[in-house]
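Notes for the one structure printed next.
Here, each number is a calculation from the coordinates, and none is a lab measurement. Everything numeric here is computed off the predicted structure, so don't read it as measured data. Methodologically, a virtual Cβ is constructed for each residue, glycine included, from the backbone with ideal geometry; neighbour enumeration extends over all protein chains shown.
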Amino acid sequence: ILEMHRNLVIATTTFVMLLTASLRADESEAREETFSARMSNVTLVGSFTVDGRTDGPPKAERYEIKSVTKVGGNLWTFVTRVKYGNVDTRVPITVPLEWAGDTPMVSLTDATLPGLGSAFSARVIFHGDRYAGTWQHGKVGGHMVGRIEKTKPAAAREKPAK
């Protein structure tokens, strides 16, 4: 009877562990699908600061995102149009994405971004319709903050105002 009880406990424990792992995998997959759908055809509209500069308000920034897809592990590809200063380029950027519970965060450390250069570091969180974070490019860094807006179709953006 003791042996049968021991086997029942082991079987029950194993079943509970497998069920829990399966539920976590389902939750993780749902969370990732929601993030991918939420971040497709959006524009990050906000501003950024540069540490040590006090010559005016934060600078405007816009990042158009066509799509976001998981490519494996914690790597995700953001198909983007990046505009800041004199830079205006379209580029797929593959970056690590970490999760703090249900909150996704891009986590770059001294990364090279195609067409933009190297030594980029950033921590950017996405929560609801907002984003915020820190950025570093070489010795220059600052903060960024803004809204996540659905991108309007090109025809709607080009219509003249009446």
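Computed from phi, the 3J(HN,Hα) profile of the range 91-100 under the Karplus parametrisation 6.51, -1.76, 1.60 (θ = phi - 60°) reads 7, x, 10, 9, 9, x, 10, 10, 10, 10 Hz, with x in place of Gly and Pro.
Normalised by the number of residues in the range 41-144, the average gap of Cα pairs under 8 Å and 6 or more apart makes the relative contact order 20 percent. Residues whose amide H lies under 5 Å from that of LYS66, counting only those 5 or more places away or on a different chain, are ASN41, VAL79, THR80, ARG81; hydrogens are built 1.01 Å from N in the peptide plane. Computed from phi, the 3J(HN,Hα) profile of the range 52-62 under the Karplus parametrisation 6.51, -1.76, 1.60 (θ = phi - 60°) reads x, 8, 10, 8, x, x, x, 8, 6, 9, 9 Hz, with x in place of Gly and Pro.
Calculated FRET efficiency, GLU149 to ASP110, Cβ-Cβ distance, R0 = 45 Å: about 0.90 to the nearest 0.05.
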